[in-house]
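Below is one structure; the comments refer to it alone.
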Amino acid sequence: MPDKTKINLEVNGKPCELMIGKDIISSDTLAETLRNNLGLLGTKISCDRGACGACTVILNGKAVLSCMILTVECDGMNVTTIEGLEDPKTGQLHPLQQSFIDHTAFQCGFCTPGIIMTVKALLNENPKPTEDEIKQALSGNFCRCISHYEVLKAVTAVIEGGKYGK
(Lines give C-alpha, C1' and ligand atoms only; values in the text may rest on other atoms or scores of the structure.)
Protein backbone atom coordinates (compact mmCIF):
# COMPACT_ATOMS: atom_id res chain seq x y z
CA MET A 1 0.00 0.00 0.00
CA PRO A 2 2.35 2.74 -1.19
CA ASP A 3 1.89 6.27 0.22
CA LYS A 4 -1.13 5.20 2.27
CA THR A 5 -1.15 6.70 5.75
CA LYS A 6 -4.59 5.70 6.96
CA ILE A 7 -7.39 3.27 6.29
CA ASN A 8 -11.09 3.67 6.83
CA LEU A 9 -13.40 0.85 7.85
CA GLU A 10 -16.96 0.57 8.95
CA VAL A 11 -17.01 -1.69 12.00
CA ASN A 12 -20.37 -2.78 13.34
CA GLY A 13 -22.01 0.14 11.57
CA LYS A 14 -19.60 2.78 12.89
CA PRO A 15 -16.88 4.55 10.90
CA CYS A 16 -13.33 3.80 12.01
CA GLU A 17 -10.14 5.52 10.86
CA LEU A 18 -6.81 3.86 11.62
CA MET A 19 -3.44 5.53 11.08
CA ILE A 20 -0.79 3.22 9.66
CA GLY A 21 2.32 3.40 11.82
CA LYS A 22 0.38 4.80 14.78
CA ASP A 23 -2.79 2.74 15.34
CA ILE A 24 -1.73 -0.26 13.28
CA ILE A 25 1.31 -1.52 11.43
CA SER A 26 1.12 -2.97 7.95
CA SER A 27 1.54 -6.55 9.22
CA ASP A 28 -1.41 -6.42 11.67
CA THR A 29 -4.18 -8.86 10.88
CA LEU A 30 -7.79 -7.82 11.03
CA ALA A 31 -8.24 -10.12 14.06
CA GLU A 32 -5.42 -8.36 15.92
CA THR A 33 -6.80 -4.94 15.06
CA LEU A 34 -10.33 -5.81 16.13
CA ARG A 35 -9.13 -7.17 19.48
CA ASN A 36 -6.11 -5.04 20.32
CA ASN A 37 -7.01 -1.68 18.81
CA LEU A 38 -10.79 -1.63 18.81
CA GLY A 39 -11.45 -3.68 21.95
CA LEU A 40 -13.78 -6.12 20.18
CA LEU A 41 -12.84 -9.20 22.15
CA GLY A 42 -15.58 -11.43 20.73
CA THR A 43 -13.36 -12.13 17.74
CA LYS A 44 -11.05 -14.86 19.01
CA ILE A 45 -7.53 -15.70 17.92
CA SER A 46 -6.94 -19.41 18.38
CA CYS A 47 -4.87 -21.21 15.77
CA ASP A 48 -3.83 -17.95 14.06
CA ARG A 49 -3.44 -20.00 10.86
CA GLY A 50 -6.97 -20.01 9.39
CA ALA A 51 -7.71 -23.58 10.42
CA CYS A 52 -10.24 -23.27 13.27
CA GLY A 53 -12.75 -20.52 12.38
CA ALA A 54 -12.69 -18.87 15.84
CA CYS A 55 -11.77 -15.52 14.26
CA THR A 56 -14.60 -15.49 11.72
CA VAL A 57 -16.18 -12.10 11.03
CA ILE A 58 -18.35 -10.85 8.20
CA LEU A 59 -16.43 -8.68 5.75
CA ASN A 60 -18.51 -7.02 3.04
CA GLY A 61 -21.20 -9.64 3.56
CA LYS A 62 -18.97 -12.73 3.48
CA ALA A 63 -17.69 -14.87 6.34
CA VAL A 64 -13.90 -14.53 6.47
CA LEU A 65 -11.09 -15.71 8.71
CA SER A 66 -9.86 -12.43 10.16
CA CYS A 67 -6.50 -13.92 11.19
CA MET A 68 -5.70 -14.41 7.50
CA ILE A 69 -6.43 -10.87 6.31
CA LEU A 70 -4.21 -7.86 6.85
CA THR A 71 -6.04 -4.83 8.21
CA VAL A 72 -4.52 -2.65 5.47
CA GLU A 73 -6.30 -4.83 2.89
CA CYS A 74 -9.66 -3.87 4.39
CA ASP A 75 -9.64 -0.16 3.53
CA GLY A 76 -13.16 0.98 2.65
CA MET A 77 -14.75 -2.28 3.76
CA ASN A 78 -17.57 -3.12 6.17
CA VAL A 79 -16.79 -5.44 9.08
CA THR A 80 -19.35 -7.06 11.36
CA THR A 81 -18.23 -8.84 14.50
CA ILE A 82 -20.25 -10.79 17.05
CA GLU A 83 -20.67 -7.53 19.01
CA GLY A 84 -22.36 -6.00 15.96
CA LEU A 85 -25.24 -8.50 16.02
CA GLU A 86 -26.79 -7.16 19.22
CA ASP A 87 -29.56 -4.59 18.69
CA PRO A 88 -27.84 -1.26 19.46
CA LYS A 89 -31.06 0.39 20.68
CA THR A 90 -32.45 -2.33 22.92
CA GLY A 91 -29.33 -4.38 23.72
CA GLN A 92 -31.31 -7.46 22.73
CA LEU A 93 -29.28 -10.37 21.42
CA HIS A 94 -29.60 -11.36 17.78
CA PRO A 95 -31.94 -14.36 17.32
CA LEU A 96 -28.95 -16.57 16.48
CA GLN A 97 -27.20 -15.61 19.69
CA GLN A 98 -30.35 -16.24 21.71
CA SER A 99 -30.95 -19.57 19.99
CA PHE A 100 -27.44 -20.73 20.87
CA ILE A 101 -28.24 -19.95 24.51
CA ASP A 102 -31.68 -21.58 24.33
CA HIS A 103 -30.28 -24.78 22.80
CA THR A 104 -27.05 -24.89 24.83
CA ALA A 105 -25.04 -24.81 21.62
CA PHE A 106 -21.84 -23.83 23.40
CA GLN A 107 -19.74 -24.84 26.38
CA CYS A 108 -16.64 -22.75 26.96
CA GLY A 109 -17.85 -20.29 24.32
CA PHE A 110 -14.44 -19.57 22.81
CA CYS A 111 -15.34 -20.70 19.29
CA THR A 112 -19.01 -19.74 19.49
CA PRO A 113 -18.66 -16.22 18.03
CA GLY A 114 -16.94 -17.60 14.94
CA ILE A 115 -19.61 -20.26 14.51
CA ILE A 116 -22.41 -17.71 14.88
CA MET A 117 -20.79 -15.32 12.39
CA THR A 118 -20.36 -18.15 9.88
CA VAL A 119 -24.03 -19.08 10.20
CA LYS A 120 -25.11 -15.43 10.05
CA ALA A 121 -23.30 -14.97 6.73
CA LEU A 122 -24.91 -18.17 5.42
CA LEU A 123 -28.41 -17.04 6.44
CA ASN A 124 -27.84 -13.61 4.87
CA GLU A 125 -27.24 -15.37 1.54
CA ASN A 126 -29.61 -18.29 1.99
CA PRO A 127 -32.38 -17.85 4.57
CA LYS A 128 -33.53 -21.47 4.26
CA PRO A 129 -30.42 -23.65 3.98
CA THR A 130 -30.64 -27.41 4.20
CA GLU A 131 -28.93 -29.28 7.02
CA ASP A 132 -26.18 -30.29 4.58
CA GLU A 133 -25.67 -26.63 3.57
CA ILE A 134 -25.37 -25.64 7.23
CA LYS A 135 -22.85 -28.43 7.83
CA GLN A 136 -20.89 -27.39 4.75
CA ALA A 137 -20.81 -23.74 5.88
CA LEU A 138 -19.59 -24.81 9.32
CA SER A 139 -16.95 -27.21 8.00
CA GLY A 140 -14.22 -24.63 8.67
CA ASN A 141 -15.21 -24.10 12.30
CA PHE A 142 -13.54 -26.36 14.83
CA CYS A 143 -14.80 -26.83 18.38
CA ARG A 144 -13.51 -29.31 20.92
CA CYS A 145 -16.18 -28.72 23.56
CA ILE A 146 -19.61 -29.16 22.05
CA SER A 147 -21.58 -31.50 19.94
CA HIS A 148 -22.45 -29.89 16.65
CA TYR A 149 -25.91 -31.42 17.04
CA GLU A 150 -26.81 -28.59 19.42
CA VAL A 151 -25.47 -26.06 16.92
CA LEU A 152 -27.64 -27.57 14.20
CA LYS A 153 -30.67 -27.47 16.52
CA ALA A 154 -30.02 -23.80 17.35
CA VAL A 155 -29.64 -22.81 13.69
CA THR A 156 -32.65 -24.86 12.60
CA ALA A 157 -34.81 -23.25 15.29
CA VAL A 158 -33.92 -19.78 13.99
CA ILE A 159 -34.65 -20.81 10.40
CA GLU A 160 -37.96 -22.42 11.32
CA GLY A 161 -38.94 -19.35 13.33
CA GLY A 162 -38.04 -17.08 10.41
CA LYS A 163 -36.08 -14.85 12.80
CA TYR A 164 -32.60 -14.94 11.29
CA GLY A 165 -32.47 -11.17 10.79
CA LYS A 166 -30.33 -9.20 8.40
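The values are calculated or read from the model by the stated rules, or taken from the named source; none is laboratory data. Because the structure is predicted, anything quoted here is derived from the model rather than measured. Positions of Cβ are backbone-derived with ideal geometry, glycine not excepted, and every protein chain shown enters the neighbour counts. Only protein heavy atoms, including side chains, enter the accessible area calculation; ligands, DNA and RNA are left aside. Shrake-Rupley method; radii C 1.70, N 1.55, O 1.52, S 1.80 Å.
Assorted remarks:
- Rounded if a/c under 1.5, otherwise prolate or oblate - region 18-57, Cα gyration tensor axes: oblate
- Charge sum, other residues only, whose C-beta stays under 15 Å from F142's C-beta, Lys/Arg counted +1 and Asp/Glu -1: +3
- Cα gyration tensor, region 76-121 - rounded (a/c under 1.5), prolate or oblate: oblate
- Net +/- balance of residues flanking L30 in space, Cβ distance below 14 Å, scoring K and R +1, D and E -1: -4
- Estimated at 0.36 nm per residue, the fully extended path between N78 and E160 surpasses their Cα-Cα distance by 26.7 nm.
- Using a cutoff of 8 angstrom between alpha carbon atoms and counting only pairs six or more residues apart, the relative contact order for the chain works out to 23 percent.
- Surface per residue (accessible, 1.4 Å probe) for region 13-88, Å²: 48 Å²
- Sites L70 and C47, calculated FRET efficiency, Cβ-Cβ separation with R0 22 Å, nearest 0.05: 0.80
- Counting charges near E10 (Lys, Arg +1; Asp, Glu -1) among other residues having Cβ under 13 Å from its Cβ returns a value of -1.
- Model label sites at K6 and Q107, defined 7 Å from Cα along the beta-carbon direction, differ in position by 4.7 nm.
- Kirkwood-based shape ratio for the chain, expressed as Rg/Rh from alpha carbons: 0.98
- Charge dipole (the chain, unit charges on Cβ, about Cα centre) - positive-most of C108, G162, I58: C108
- Element breakdown for region 1-124 at a 1.4 angstrom probe: carbon and sulfur atoms account for 51% of the accessible area.
- Residues of region 60-83 with amide N under 14 Å of a point placed 7 Å along Cα→Cβ from E125: 60-65
- Label-point gap, in nm, between K14 and D132 - each point 7 angstrom along Cα→Cβ: 4.3 nm
- Cα gyration tensor shape of region 1-42, rounded if a/c is under 1.5, else prolate or oblate by comparing a/b with b/c: oblate
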